[in-house]
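Since the structure comes first, as structure tokens, the remarks are kept for the end.
The values are calculated or read from the model by the stated rules, or taken from the named source; none is laboratory data. What you see is a predicted model; the values in this text were computed from it and never measured. Cβ placement follows ideal geometry from the backbone for every residue including glycine, while neighbour counts extend to all protein chains displayed.
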Amino acid sequence: MLEIGASCLVLTALLAYLNHRFIGLPIAIGVMVSALLLSLGLVGLDALGVASALRQYEESLVHSIDFSAVLIQGMLSLLLFAGALHVDLTELKEYRWQVAALAVFSTVLSTAAVGFGTWFALPWVGLHLPLIYCLLFGALISPTDPIAVMGILKTAGAPRNLELVIAGESLFNDGVGVVIFSLLLGMLASGATPTFEQSSLLLIREAGGGLMFGLVLGYITFWLLRSVDNYQVEVLLTLAAVTGGYSLASRLHVSGPLAMVVVGLIVGNGGRALAMSDTTRQYIDLFWELIDEILNAVLFVLIGMEVLLVTFSVSIFVAAAVAIIVTLAARALTVGLPVSLMKRAFNLPKGAGWVLTWGGLRGGISVALAISLPAGPARDTVLAMTYCIVVFSILVQGLTIGRVVRRAVT
């Protein structure tokens, strides 16, 4: 385990250095591109009979890492808390209904649109995927990835209110997407279709329970922070709240991601203003900023390396192109169109619908959910399509979102 962690950190550090010195892309995109090119380069050299030992080492390293467990059970809690820590709750309250509508209703509608869209379109390119797998694909690809979104938004230059809505949606829609995914996965395993009452109860228990648990944990953490004035202890308290709270949420069968977002909002707003000295605030900000940057870089390197686990073919590439079109169209219909038509209700700048459509980035969470599907040809197809969409999302959408913002909003 130590060797695996050391290998990932060393590789991430080297790729981050190369990107900073010679490539100059945003660090998340730069290290992912570098890892992807390195992996594909080793595959090419191995095919030529060169560097086969390096190819075998990287492949064994990738196979030894349970990407789904590392992200969902390890990194996600830390990254979500770090992302929510700097969201202004006062500003977010002004757009709470807009964020809730996008995070809940648009995610549900997008799941159906992507699921039925791919089920209808894939046979035209010679691929047949069962409807349940198409819907699972819709559930895992519809939520925007807060890690990718918030990392790219820093350089996009979007107006503050639009940036707030995009960030808020991405922080909350993952909990909804995971609940829908779990519901469909249970349906696949049992072969039974859950009733509306069962689905509603699961959503209330997972999502509502996660929000309530986050409120309780957040205020306990706030009280503990307020009762001491020692930055070492207070940093440890925030770290314990995130790691221990996420683990307890899993035991209670409530949404850990939503709970961590709520805890981050409470600590980052009430805790920052009323429970921390200037020294503590400085150290907590620095600590969580470093955690965010380091884990982000490691995560995007792992995404680049995961290409070795994906089985590609000409038909898969064609299917992935179709899936990209379907996913973007679903995003436009369920997010971009409502925002454009209901300008007064959403209270966002002109062109916000275009930015929200193109800024709906997908990342490691989608890949992790795809990997967690039962092994088989259908899972391989879903994983390949998901991986292609994530790479397209981060490289194409991520690198051009700033240009879209400048053209659409200004």
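Some points to look at:
- Which listed residue, of THR243, THR279, THR221, is among the hydroxyl-bearing types (Ser, Thr, Tyr), in contact (Cβ under 8 Å) with a residue 24 or more places away in the chain and more than 17 Å from GLY83 (Cβ to Cβ): THR279
- Of all the listed residues (PHE317, PHE346), the sole one being among the aromatic types (Phe, Trp, Tyr) and farther than 18 Å from THR118 by Cβ is PHE346.
- Of residues in the stretch 118-148 being small (Gly, Ala, Ser) and surrounded by 22 or more Cβ atoms within 10 Å (Cβ to Cβ), the one nearest to VAL335 (Cα to Cα): SER142
- In the stretch 134-177, the residues that are modelled with pLDDT of 95 or more and over 24 Å from LEU76 (Cβ atoms): CYS134
- The residues on offer are LEU302, LEU225, and the sole one that is surrounded by 23 or more Cβ atoms within 10 Å (Cβ to Cβ) and in contact with a Gly (Cβ under 6 Å, 6 or more places away or on another chain) is LEU225.
- Pair list, Cβ < 6 Å and 6+ apart or interchain, from the stretch 346-371 residues that are in the same structural domain as ILE132 (by TED's automatic domain parsing) and within 30 Å of ALA69 (Cβ to Cβ) to residues that are polar (S, T, N, Q) and surrounded by fewer than 23 Cβ atoms within 10 Å (Cβ to Cβ): LEU361/GLN397; ALA368/SER68; ILE371/SER68
- Any chance ARG160 is in contact (Cβ under 8 Å) with a residue 40 or more places away in the chain, closer than 24 Å to ALA259 by Cβ and basic (Lys, Arg): no
- Restricting attention to the stretch 131-187, the residues that are β-branched (Val, Ile, Thr) and closer than 17 Å to ARG96 by Cα total 3.
- In the stretch 52-68, residue farthest from the chain's Cα centre (by Cα) [restricted to those that are exposed (fewer than 13 other Cβ atoms within 10 Å of the Cβ) and within 30 Å of PRO374 (Cβ to Cβ)]: GLN56
- Check on GLY157, exposed (fewer than 15 other Cβ atoms within 10 Å of the Cβ) and closer than 23 Å to GLY363 by Cα: yes
Yes/no per residue for (1) in a helix (DSSP H, G or I); (2) within 23 Å of the chain's Cα centre (by Cα); (3) at pLDDT 85 or above; (4) surrounded by 14 or more Cβ atoms within 10 Å (Cβ to Cβ):
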position: SER7; (1), (2), (3), (4): yes, no, yes, yes
position: LEU25; (1), (2), (3), (4): no, yes, yes, yes
position: ALA35; (1), (2), (3), (4): yes, yes, yes, yes
position: LEU38; (1), (2), (3), (4): yes, no, yes, yes
position: LEU42; (1), (2), (3), (4): yes, no, yes, yes
position: VAL50; (1), (2), (3), (4): no, no, no, no
position: ALA82; (1), (2), (3), (4): yes, yes, yes, yes
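- In the condition set (1) closer than 28 Å to ALA139 by Cα; (2) touching a residue at least 12 places away in the same chain (Cβ under 8 Å); (3) hydrophobic (A, V, I, L, M, F, W, C), ILE204 is compliant with all but (2).
- In the stretch 307-327, the residues that are at pLDDT below 90 and crowded, with 16+ Cβ neighbours inside 10 Å: LEU308, LEU309, VAL310
- Residues of the stretch 249-278 satisfying the condition of being farther than 26 Å from GLU91 by Cα, assigned to a helix (DSSP H, G or I) and under 21 Å from the mean Cα position of the chain (by Cα): ALA249, SER250
- Wholly within the stretch 334-410, helices (runs of 4 or more DSSP H) carrying at least 2 residues that are crowded, with 24+ Cβ neighbours inside 10 Å: 352-358, 364-371, 377-392, 398-409
- Restricting attention to the stretch 267-291, the residues that are surrounded by 15 or more Cβ atoms within 10 Å (Cβ to Cβ) and modelled with pLDDT of 90 or more add up to 15.
- Matching residues in the stretch 107-159 - criterion: being outside any helix (DSSP H, G or I) and closer than 15 Å to THR381 by Cα: GLY126, LEU127, HIS128, LEU129, PRO130
- Between VAL233, VAL242, the distinction of being part of a helix (DSSP H, G or I), at pLDDT 95 or above and surrounded by 24 or more Cβ atoms within 10 Å (Cβ to Cβ) belongs to VAL242 only.
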